[in-house]
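Quick note: the coordinates plus some simple rules give every number you see, no bench work behind them. The model shown is predicted, which means the values in this text are computed figures rather than measured ones. Positions of Cβ are backbone-derived with ideal geometry, glycine not excepted, and every protein chain shown enters the neighbour counts.
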Amino acid sequence: MSSTGNDWQRFLAHKAAEQRQAGRWRCRLVRGTNDALIDFASNDYLGLANDPRVIAAQHQGARLHGAGSGASHLVTGHSQAHHELEEALAQHTGRQRALLFSTGYMANLGVLQALCDTDTQLFQDRLNHASLLDGAKLAGARSRRYHHADGEDLRRLLARADASQRRLIVSDGVFSMDGDVAPLDDLTSIAAQHQAWLMIDDAHGLGVLGNDGDGCVGRHYASDQVQVLVGTLGKALGTAGAFVAGDTALIEHLIQFARPYIYTTALPPGVASASLASLHICVSEPERRHHLQALIARFRHEAASIGLPLMGSSSPIQPLLLGEESRVMHWSRQLGELGFRVGAIRPPTVARGQARLRITLSARHDFNDVHRLLEALQRCQQEEQGQQQGQGQQED
Ligand code: PMP
């Protein structure tokens with residue numbers, strides 16, 4: 001092998017060893033069609049990913065427009081299915097226009113790259129999603145990161161910023177790993193006071209919160225309060241892709257300048273048709289949201305009564321803060337053996353010492369599913385307490 005080939009082998013081996021030693025080796029699970037585990041890890045909050053009406057719409061969209069879109073939106077990939085979905089999403093969120101992106105990750109990269117440059121003053125919540133931080137890097141803009149959900153800290157940073165430059169404040173709507181909602185009243189008034197634009201990534205709020213599932217921003221905050229609204233389709237709507245909603249001038253700007261929009265193949269049209277069907281269901285079946293809220297309340301009540309380490313979230317994301325990475329891995333394995341799939345979230349996704357189980361509730365669960373999960377969590381807790389007592393006795 002050439003010496004360059006050896007360099008690459010050494011590089012890969014070194015990075016792999018580093019990752020394993022840090023206890024951060026990431027593994028994927030193959031989910032079978034007859035998987036017996038009850039899933040408390042997905043973002044399918046309304047239970048629409050397997051809805052027969054959504055699947056039928058996907059088939060129909062593919063039959064009409066093809067399995068793939070064939071090209072980017074600006075070439076020939078923008079089908080009638082994409083167009084109708086954009087119009088429905090604009091209306092749903094109370095915006096003039098919406099623009100589809102292939103993923104939420106790309107939507108965030110696209111917005112930040114198209115709006116920011118080295119001279120933009122960019123303010124981001126410390127716990128913002130990785131795609132928002134990466135978007136700033138793509139734009140060459142420096143992110144000033146304020147303490148999580150802390151309007152005072154944001155004010156302090158804004159007061160120090162160069163007033164002659166354009167300012168953009170960026171926040172998740174519902175924080176993906178904590179489940180709490182951004183302080184939107186505060187953020188909108190701070191943005192207005194400092195002539196900044198506000199961008200909210202409502203990936204986890206859309207479909208779940210607001211009127212008819214219009215999210216934590218939706219029609220509650222107008223486009224002169226939240227100028228840039230991002231929503232994803234792969235979570236509550238159960239399909240894939242994402243959109244940016246806002247005034248016409250913003251959307252036209254993105255079409256001209258957002259490279260992750262311009263230089264990629266449009267979503268498969270069947271996915272657009274499926275998303276439109278799921279948006280209709282989201283609006284017309286509010287009982288899904290009511291059931292989900294009842295599950296959240298039940299879970300929190302019972303989890304608190306057995307002393308599980310809940311965080312302050314009222315959304316379907318209900319993390320249990322366990323702290324140590326090894327503890328989270330142990331609980332998640334044990335839950336798997338007891339029949340439940342629950343996400344184990346470790347650094348660097350969350351801060352060191354803040355590893356957690358990310359339990360997500362869905363309208364497809366029933367009260368018995370939640371009750372059985374709580375029993376399994378209690379078993380993890382009791383086994384741990386038993387071990388600690390055993391160790392204590394040995395040390396005595
Ligand atoms: N924003 C947030 C807050 C997210 O949690 C995610 C996905 N985890 C994304 C954006 C990216 O969305 P997508 O999966 O569609 O790329």
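With respect to the chain, whose longest principal axis is taken over its alpha-carbon atoms, helix 269-284 is tilted by about 70°.
From least to most packed, judged by other beta carbons within 10 angstrom and beginning with the fewest, L112, L64, L320, L168 follow the order L64, L320, L168, L112. The angle separating the long axis of helix 151-160 from the principal Cα axis of greatest extent in the chain is about 50 degrees.
Rounded to the nearest 10 degrees, the angle from helix 3-21 to the longest Cα principal axis of the chain is 60 degrees. Between the listed residues A376, Q334, F299, the Cα displaced farthest toward the positive end of the dipole of the stretch 286-384, a dipole computed from Cβ unit charges relative to the Cα centre, is found at F299. Counting Lys and Arg as +1 and Asp and Glu as -1 over every other residue whose Cβ lies under 11 Å from the Cβ of S131, the net charge comes to -2. A Gaussian network model of the chain, with springs between Cα atoms under 10 Å, assigns the largest mean-square fluctuation among Q193, Q318, Q21 to Q21. Exposure proxy for R97, R126: other Cβ atoms within 10 Å of each Cβ, ordered fewest to most, give R126, R97. Ordering R341, R20 from the fewest to the most neighbouring beta carbons within 10 Å gives R20, R341.
Find out how many positive minus negative residues lie around G218, taking Lys and Arg as positive, Asp and Glu as negative, among other residues whose Cβ is under 10 Å from that of G218. Net of charged neighbours comes to -1.
Across the chain, the mean sequence separation of Cα contacts (distance under 8 Å, 6 or more residues apart), normalised by length, yields a relative contact order of 23 percent.
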